[in-house]
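Engineer: Can you keep this structure in mind? I'll have questions shortly.
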Amino acid sequence: MHSRQKTGIGLVVALGISLGLLVVGAQAQSGSLEPPGSAVDGAGDPVATTQTQPSWDQTLPTAERFVRVLPTTATPAGEGVLDKETGLVWEQSPLTTTHTWSSARFQCTSRTVGNKKGWRLPSVHELASLVDPTNPGGNPDIPAGAPFANLQSFGYWSAATLVDTPADAWVVVFLDGFVGTNGKAFGNFVWCVRGGGPLSEY
């Protein structure tokens, strides 16, 4: 009798696990278990979503790719720009003054844009993701029609130090999309970003 009870309990448990796996599989296929992504609301705060997440393998038309966020009284359209391809929020109008690499990091860390803190220098990959190779004469070389202002066709600092030469850091030049390095004491422009994953600064 005892053996039959244990067998019955085992069957119930196995059946329950099987049903649970079927439900999880169905939900995953429908997208209901998709983890929250990098979507933001109008104030630039993260929101959970079950829609397609930002992905670096997709290509969106400029009008769909970039959305103004972080509205304030002074700029109701928004002081930030969400890039739906990467899930990053960029300053809509970056600083127009040059800074050393150390000063550039400080400028971003201490900035308040759209009533938000949490800004940083982008990684070299994030910065280069804004280059549009199909618009080489764009001056600056970004997607045509992107809603940014005051961009300079010169070098912008990334947060990435050159491994073999710690006195240098990676830069992206928006005149032609060139990716290279400069000495950290050199003056380059600063374009701060918000969001991203744990490896964003490398």
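Engineer: Kindly establish whether Pro147 is under 23 Å from Leu70 (Cβ atoms), surrounded by fewer than 21 Cβ atoms within 10 Å (Cβ to Cβ) and within 17 Å of the chain's Cα centre (by Cα).
Structural biologist: Working: under 23 Å from Leu70 (Cβ atoms): yes; surrounded by fewer than 21 Cβ atoms within 10 Å (Cβ to Cβ): yes; within 17 Å of the chain's Cα centre (by Cα): yes.
When the stated conditions are applied, Pro147 passes them.
Engineer: Being surrounded by fewer than 17 Cβ atoms within 10 Å (Cβ to Cβ) and either aliphatic (A, V, I, L, M) or modelled with pLDDT of 95 or more (or both) narrows it down to one of Thr134, Thr109, so name that one. Talk me through it step by step, then tell me what you get.
Structural biologist: On the way: Thr134 fails: either aliphatic (A, V, I, L, M) or modelled with pLDDT of 95 or more (or both).
One residue alone meets the criteria, Thr109.
Engineer: Suppose we filter Thr161, Thr181 for residues that are over 21 Å from the mean Cα position of the chain (by Cα) and not small (Gly, Ala, Ser); which single one remains? So that I can check it myself, show each step before the final result.
Structural biologist: Working: Thr161 fails: over 21 Å from the mean Cα position of the chain (by Cα).
When all the criteria are applied, what remains is Thr181.
The values are calculated or read from the model by the stated rules, or taken from the named source; none is laboratory data. Here the structure is a predicted model, which means the values were calculated and not measured. Cβ: placed from backbone, ideal geometry, glycine included. Neighbour counts: every protein chain shown.
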